Every structure is written in C-alpha cells, then in structure tokens.
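Okay, structure first, notes after.
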Amino acid sequence: MKQVKTTENTAANVIIRFEDVGKIYKTGQVVYEALKHVNLEILDGELVVILGPSGSGKSTLLNMLGGLDSATSGRIFFGSKEITALDDKKLGEFRALDVGIIFQFYNLIPTLTAYENVDLMNDLGLDTMDSLEALKMVGLAERRNNFPSQLSGGQQQRVSIARAIAKKPKLLLCDEPTGALDTNTGREVLKLLQDQSRVHGRTVVMVTHNDMFAEIADKVIMVKNGTVEEVIVNEKPKDADELEW
Ligand SMILES: Nc1ncnc2c1ncn2[C@@H]1O[C@H](COP(=O)(O)OP(=O)(O)OP(=O)(O)O)[C@@H](O)[C@H]1O
Ligand SMILES: [Mg+2]
C-alpha cells in the first residue's frame, strides 16, 4: 500500500470533496469537537474504507458524506454540487436520489416482508430497480415473502443492501455493515458491497473498526480523534472472498 497526500489527488473524477470540514456537537453546556479540519477526496466508483477507533468520528464523517447531518464549518462537495450550501428541501432530494445507506443493525421494518421492505423505495416515486431484481442480486428472491424475524442476521443485512441498491444510488454508505455477522456471512456481505463498486460502478464508503477490511479497499481513510490521520491508496485491493479474519 502506498500513501498519497490528498492534496495531490486532484483527478477529474472526484465525486466527494471535503474542504476543511469541522463538526461540533453541543449538548447543553458541553461542546464536543467531533471532526476537525477534515480534507479528503473520494473518486467516482471507489470502494473506500474508513477506519479508526471507537469515538474517533467515523460515523460522524459518514453522516456528513450522506447529508444526514450538517457540518459546522468547511465545505462538502458531491460532484459539482456543494452539499453544505443546499437548503433542507434540496438536501432531502440529494439523500433520496443519490444516497443508499446500510446500517449495522439493518433497520428493516418488522411488519413488512423482505419484498415490501425493498419495495418501499418504489413508493418514493424514484427511478428504482425492480424490487424482485434487487432481492435476486443479493440471492434472496426465494425469501421475498419472509418477515425480518424469519431471516438470519446475514439475510436481513442482504435485504437492507437490496433496499439500498434498489434506488440505484451513486453513493452507497455503510456503517459497520458486518458488525453483527459471523466471518463467513460477513465475507458474503463484503463481496456484495465490493461488487457494487467493481461491477456496478457505485461509490461505496464503508465504516469499520476491523483493520482487515482495509485490504479490500481502493482507498483507506484513517480517522483518529476527529482528524484524518492518513489516507492510503491501495494499488492492489484483495477480493472480498479472499479475506480472512
Ligand atoms: N449527536 C451527538 N451529540 C453529541 N456528541 C456526539 C453525537 N454524535 C457523536 N458524538 C460524539 O462524537 C464523537 C465521535 O462519534 P462517532 O459516532 O462519529 O464515533 P465512531 O468513530 O463512529 O465510533 P464507533 O466506532 O464507536 O461507532 C464521540 O465522542 C461521540 O460521543
Ligand atoms: Mg460509529
């Protein structure tokens, strides 16, 4: 792996750019600086892994990327669009159209079947993938009528991936997507996510505290105490199926 300074990395296909981004949380009298002077660039179609210890600011960074929370200072760009300059309506459109999100604990609706959970995206009136097609992509077409409680953790996570990719987002964000899974199931989920980048050309950003996952990434962003400590470009990322942990 080779270290590259982000400032030198000004390729034309930059999809995300952070310019001196800061995030301060205020809870009553308590002020906490969760992100400080973050500068980074992510290229279109890259698989990016954000690594760092608990409390270092990984989820905060991911939330900024997806327009789920606002930066306190600095500027964030998605392509030529400045996210930090959008009003609430435009920001909502950005999240709805361009961003798919996968969480550690799936966030499926328990009273809806696998199919219905994925099909929710169609109700938004977006240009979505056929819901059955999305379930097929994650190998779960035959379980479409099962409720989340009738599926294993790995299967529920695959439904949540189907739901996220069904809207064909440019950007797929994942916060500890394998956190609740065993190694084999986790590897399958990582393979699905890597394919989203390699086969489907989506930009995939994954937060984890498992160092091993750095090996499958095109780019690794190391976060520590709210700052980007290092950005590593991986010339030869491993296939997710080869990963051992
Ligand atoms: N809404 C909030 N209000 C106040 N402080 C917050 C809020 N969200 C996060 N923080 C604080 O910001 C810091 C970074 O939190 P963040 O969730 O980004 O960490 P993380 O790297 O994702 O950690 P973990 O690996 O445990 O998920 C933590 O100290 C956390 O307590
Ligand atoms: Mg987190």
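Going by what's in this entry, would V31 be described as more than 21 Å from F94 (Cβ to Cβ), within 15 Å of ligand 2 (Cβ to nearest atom) and assigned to a strand (DSSP E or B)? Spell out the reasoning first.
On the way: more than 21 Å from F94 (Cβ to Cβ): yes; within 15 Å of ligand 2 (Cβ to nearest atom): no; assigned to a strand (DSSP E or B): yes.
Here the answer is no, as V31 does not meet what is asked.
Could you please let me know if M212 is within 16 Å of ligand 1 (Cβ to nearest atom), without any contact (Cβ under 8 Å) to a residue 40 or more places away in the chain and not β-branched (V, I, T)? Considered against the rule, which asks whether it is within 16 Å of ligand 1 (Cβ to nearest atom), without any contact (Cβ under 8 Å) to a residue 40 or more places away in the chain and not β-branched (V, I, T), M212 comes out as yes.
Quick check on region 211-231. Is at least one of its residues under 20 Å from I42 (Cα atoms), buried (at least 17 other Cβ atoms within 10 Å of the Cβ) and acidic (D, E)? Taking every residue of region 211-231 in turn, at least one turns out to be under 20 Å from I42 (Cα atoms), buried (at least 17 other Cβ atoms within 10 Å of the Cβ) and acidic (D, E).
Go through R95, R163, R75 for me and flag whichever is modelled with pLDDT of 95 or more and within 21 Å of the chain's Cα centre (by Cα).
On inspection, the qualifying residue turns out to be R75.
Filtering region 51-93 down to residues that are surrounded by fewer than 17 Cβ atoms within 10 Å (Cβ to Cβ) and under 20 Å from N13 (Cα atoms), which residue is nearest to ligand 1 (Cβ to nearest atom)? Within region 51-93, the match that is nearest to ligand 1 (Cβ to nearest atom) is R75. Provide a single number: the residues in region 176-211 that are of a type in the set (D, E), more than 15 Å from the chain's Cα centre (by Cα) and assigned to a helix (DSSP H, G or I). Residues that pass the stated criteria total 2.
Listed by first and then second residue, the pairs with beta-carbon distance under 7 Å, at least 6 apart or on different chains, first residue in region 52-69 and among the polar types (S, T, N, Q), second near ligand 2 (Cβ under 9 Å from one of its atoms), are S54/H209; S59/D175; S59/V207. Helices (runs of 4 or more DSSP H) fully within region 59-168 that include at least 2 residues being within 23 Å of H200 (Cα to Cα) and among the charged types (D, E, K, R): 88-98, 131-137, 153-166. Within region 150-171, does at least one residue satisfy the condition of being within 16 Å of ligand 1 (Cβ to nearest atom) and within 20 Å of S59 (Cβ to Cβ)? No, every residue in region 150-171 fails to be within 16 Å of ligand 1 (Cβ to nearest atom) and within 20 Å of S59 (Cβ to Cβ).
Among the residues of region 100-123, those that are within 21 Å of the chain's Cα centre (by Cα) and of a type in the set (F, W, Y) comprise F103, F105, Y106. Here D123 passes the criteria (1) modelled with pLDDT of 90 or more; (2) more than 24 Å from L192 (Cα to Cα) except the one numbered (1). In the set (1) at pLDDT 95 or above; (2) in a helix (DSSP H, G or I); (3) surrounded by fewer than 21 Cβ atoms within 10 Å (Cβ to Cβ), the condition left unmet by T7 is number (1).
The values are calculated or read from the model by the stated rules, or taken from the named source; none is laboratory data. What you are looking at is a predicted structure, and each value in this text was computed from that prediction instead of being measured. With ideal geometry, Cβ positions are generated from the backbone for all residues, glycine too; neighbour counts draw on all protein chains shown.
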